[in-house]
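**Student:** For reference, the structure I am asking about is given below.
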Amino acid sequence: VNACVDVVLSGVKLLQALGLNPGHGKDHSVLHSRNDLEETFIHFMGKGAAAERFFSDKETFHDIARIASEFP
């Protein structure tokens, strides 16, 4: 059995909650850090596109997911 639960929120607000500031966009095929998330978000949102990426660091991913789930 596989279950997926999406959290829908503003990406900009999430980056702000994570303490990340707009910078330069860069595509990362695998995310290893908050900085990779920020760069990939900026890269794709600047093009008006969405992207899904694997997050390799379990603790960082869970921390970001916890923060995202606190949004109303």
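The values are calculated or read from the model by the stated rules, or taken from the named source; none is laboratory data. Predicted, not measured: the structure shown is a model, and the values here were computed from it. Note: ideal-geometry Cβ built from the backbone for every residue, glycine included; neighbour counts use all protein chains shown.
**Student:** Would you confirm, using the coordinates I've provided, whether His62 is touching a helix residue (DSSP H, G or I) at 6+ places or on another chain (Cβ under 6 Å) and surrounded by 11 or more Cβ atoms within 10 Å (Cβ to Cβ)?
**Tutor:** no
**Student:** Taking into account only those residues within the range 1-57 that are of a type in the set (Ser, Thr, Tyr) and within 10 Å of the chain's Cα centre (by Cα), which is surrounded by the most Cβ atoms within 10 Å (Cβ to Cβ)?
**Tutor:** In this case the residue turns out to be Thr40.
**Student:** Mind counting the residues in the range 1-42 that are among the polar types (S, T, N, Q) and touching a strand residue (DSSP E or B) at 6+ places or on another chain (Cβ under 7 Å)?
**Tutor:** Total satisfying the criteria: 1.
**Student:** Here is a further query. Among all residue pairs at least 6 apart or on different chains, which show Cβ distances below 9 Å where the first residue, located in the range 40-67, is in a helix (DSSP H, G or I) and the second is acidic (Asp, Glu)?
**Tutor:** Thr40/Asp27; His43/Asp27; Phe44/Asp27
**Student:** For the subset of the range 12-28 comprising residues that are of a type in the set (Gly, Ala, Ser) and at pLDDT 90 or above, which member is nearest to Phe44 (Cα to Cα)?
**Tutor:** Gly25
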